[in-house]
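Every read-out reported here was derived from the displayed coordinates using simple, explicitly stated rules and does not represent laboratory data. What you see is a predicted model; the values in this text were computed from it and never measured. Note that we place each Cβ from the backbone using ideal geometry, even for glycine, and neighbour counts take in every protein chain shown.
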């Protein structure tokens with residue numbers, strides 16, 4: 001297999017996953033993004049007689065994987081609506097002739113009677129179900145089409161099935177096993193930690209200014225900026241373009257041709273920033289994404305982990321940066337409450353949102369509770385998150401909380417955060433005067449904090465559970481049972497002190513390895529060769545070779561095909577296809 005894929009050793013749970021499939025057993029494989037899940041089912045398919053069938057949720061993901069496999073000399077194909085009828089028939093003919101080793105298709109296509117009749121005449125060696133969390137209603141990306149995949153157990157008896165995902169809590173794992181009817185599966189869970197990712201979270205004050213400051217540290221690098229709404233992706237992308245960045249919008253409401261064009265630019269060009277909704281993301285294989293930024297709060301820790309996991313797939317330093325505010329909390333909770341789902345599901349979604357909010361407000365290491373959420377324990381600080389690099393100050397917020405709760409109560413629990421803050425700081429707005437709240441005993445009792453400080457207190461009290469934002473009354477603040485102890489002085493409370501721009505102990509890292517003056521000419525020549533070949537073959541540059549492979553070529557300077565084959569990422573097919581051209585570049589550099 002080293003001859004095919006060019007890697008000398010397995011990582012994480014790859015070897016036991018491959019062994020389990022070759023033994024004919026079912027498995028659930030949980031590995032972090034960039035951990036090499038694809039090899040877990042590709043290698044058993046190549047080592048076995050018959051066809052490896054891969055269920056994948058996205059057309060773009062299928063196309064990327066098939067393109068990469070063909071570059072390795074593997075006969076792979078996908079069958080989906082992006083193909084013309086003639087192209088689909090060509091794939092079917094190759095399937096029937098026994099030439100295909102791997103076939104990718106979407107779950108809705110697989111469960112169609114005509115597809116199952118077609119596959120009934122083909123020997124199948126393994127069925128891989130990628131992004132398996134989509135089958136769980138407790139997962140962050142539930143897709144009803146996945147529910148029908150439980151039929152595979154009876155349709156293809158004796159064929160090992162492998163469910164794979166990067167994000168699954170223990171509850172979601174149990175749900176996947178049950179809903180896919182996996183038979184006594186081996187559950188193989190790699191650690192969730194992505195140590196190269198630095199987690200940075202700030203309270204939202206001036207989101208555009210904060211984003212611009214962050215992006216100035218990442219000039220010349222590729223990244224993703226996530227927004228909650230389609231409209232916001234358009235406006236932020238346009239604004240970033242005006243600031244001199246190569247930024248593109250991406251959302252489900254765009255014409256398909258525009259989405260394809262923007263995706264193509266992102267994966268083939270350098271220093272492109274994609275400003276996107278969650279419609280962009282699953283299956284993004286670009287290895288050199290140096291940052292993922294969130295301008296709005298995701299809906300759960302699972303969503304956050306998966307979205308940030310698109311950064312730093314090459315193992316080099318990357319940043320996961322996020323700003324969040326009270327409006328994010330109100331909007332997301334309203335989306336849950338207004339959804340057309342049963343109450344048990346809504347309770348579960350509220351719990352997940354609360355868990356994410358609690359994580360945002362932690363004052364110790366961020367990595368530890370993030371990993372603990374997925375059942376992965378870690379001790380001590382990570383030294384690579386904002387709280388470890390710039391420990392936040394805390395203060396005794398008991399009295400401030402009592403003032404706030406009193407103001408909420410005295411104004412009738414009928415007003416939103418902005419009005420309550422106006423009352424506390426003594427701002428005689430038209431609304432305050434109209435409601436005669438300037439005559440209340442709580443008017444002006446909170447001048448020790450400014451409006452931003454009080455919004456921080458409100459946000460943290462919502463997370464802590466002492467107040468809630470009533471969505472049925474447009475975000476009106478109301479007391480909870482928990483607030484009684486604080487009001488009576490029976491409990492104390494420490495709050496984190498928001499810093500506009502935390503100063504980290506370490507300098508920001510670009511993720512780029514310094515290239516010496518001696519090596520620079522060769523490095524640029526290798527990259528130019530890769531770019532030219534990528535354009536000729538109409539594939540992203542990283543499909544030719546990753547940066548890590550070029551770096552090793554630069555450092556080792558192989559002088560023969562045999563020596564080049566010893567470089568990680570160079571397999572036999574790529575050696576035959578591209579080897580001489582890269583060797584020529586190295587020889588010319590001297």
Put a dot 7 Å past each Cα toward the Cβ at residue 261 and residue 433; how far apart are the dots in nm?
5.4 nm
The simple spin-label model distance between residue 219 and residue 340, using points 7 Å out along Cα→Cβ, in nm, is 5.0 nm
Take residue 97 and residue 587, extend 7 Å from each Cα along the Cα→Cβ direction, and tell me the distance between the two endpoints in nm.
3.7 nm
The chain: antiparallel bridges as % of DSSP beta bridges, rounded to 5, reads 10 percent
Rounded to 10°, Cα long-axis angle of helix 398-410 versus longest principal axis of the chain:
70 degrees
FRET efficiency for residue 84 and residue 364, using Cβ-Cβ distance with R0 set to 45 Å, rounded to 0.05
0.20
Calculate how steeply helix 37-47 sits against the longest principal axis of the alpha-carbon atoms of the chain, using the helix alpha-carbon long axis, and give the answer as 0 to 90 degrees to the nearest 10.
20 degrees
Treating each Cα of region 517-589 as an identical point scatterer and ignoring solvent, apply the Debye formula and state log10 I(q)/I(0) at q = 0.20, 0.22, 0.24 Å⁻¹.
-0.76, -0.94, -1.13
Paramagnetic label zone (point 7 Å from Cα along Cα-to-C-beta, residue 537; backbone N under 12 Å) in region 59-75
67-74
Debye sum, Cα scatterers, the chain, no solvent: what log₁₀ I/I(0) at q = 0.07, 0.10, 0.11, 0.13 1/Å?
-0.49, -0.94, -1.10, -1.42
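Could you give the C-alpha radius of gyration of region 2-189 expressed as a fraction of 2.2 N^0.38 Å, taking N as the number of residues it contains? Numbers along the way, then the final one.
Numbers: Rg = 15.4 Å, N = 188, 2.2 N^0.38 = 16.1 Å.
Computed over Cα atoms of region 2-189, the ratio equals 0.96.
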Degrees between helix 451-464 axis and first principal axis of the chain (Cα, 0 to 90, nearest 10)
70 degrees
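How much FRET efficiency would the formula 1/(1 + (r/R0)^6) give for residue 239 and residue 116, where r is the Cβ-Cβ distance and R0 is 35 Å, rounded to 0.05?
On the way: r = 49 Å, r/R0 = 1.41.
Calculated transfer efficiency: 0.10.
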How large, in Å, is region 1-85 by the Kirkwood hydrodynamic radius built from its alpha-carbon pairs?
14.1 Å
Estimated FRET transfer efficiency when R0 is 60 angstrom, pair residue 279-residue 563 (beta carbons, to 0.05):
0.85
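Run lengths n ≥ 4 of DSSP H only: what is the helix-derived mean residue ellipticity at 222 nm for the chain, with -39500 (n - 2.57) per run over all residues, to the nearest 500? Can you show the working numbers first?
Numbers: 27 runs with 266 residues, N = 590.
Here the helix-only value at 222 nm equals -13000 deg cm²/dmol.
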With 0.36 nm assigned to each residue of separation and the Cα-Cα distance removed, residue 231 to residue 181 gains 13.9 nm
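Starting from the Kirkwood Rh over alpha-carbon pairs, what translational D in µm² s⁻¹ does region 44-91 have by Stokes-Einstein at 4 °C and 1.567 mPa s?
Working: Rh = 11.8 Å.
My calculation gives 110 µm²/s for D.
For a protection proxy built on the mean count of beta-carbon atoms within 10 angstrom, sort 256-266, 87-97, 178-188, 224-234 highest first, please.
Ranked from most to least packed, the peptides come out as 224-234, 178-188, 256-266, 87-97.
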Pull out the extension gain between residue 448 and residue 494, defined as 0.36 nm times the separation in residues minus the alpha carbon to alpha carbon distance; nm, one decimal.
14.9 nm
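Region 263-337: D in µm²/s via Stokes-Einstein (Kirkwood Rh, Cα pairs, 4 °C, 1.567 mPa s)? Before the final figure, lay out each step's value.
Numbers: Rh = 13.5 Å.
This corresponds to a translational diffusion coefficient of 96 µm²/s.
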With a ≥ b ≥ c taken as the square roots of the eigenvalues of the C-alpha gyration tensor of region 313-404, please select rounded if a/c is under 1.5 and otherwise prolate if a/b is larger than b/c or oblate if it is not?
oblate
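How compact is region 197-389 by the rule of thumb for globular proteins, expressed as Cα Rg over 2.2 N^0.38 Å?
Values: Rg = 16.6 Å, N = 193, 2.2 N^0.38 = 16.3 Å.
Ratio of Rg to 2.2 N^0.38 Å for region 197-389: 1.02.
Based on the Cα atoms of region 345-500, what semi-axes does the equivalent ellipsoid have, where each is the square root of 5 times one gyration tensor eigenvalue, given in whole Å with the largest first?
Numbers: eigenvalues 198, 65, 36 Å².
Sorted largest first and rounded, they come to 31, 18, 13 Å.
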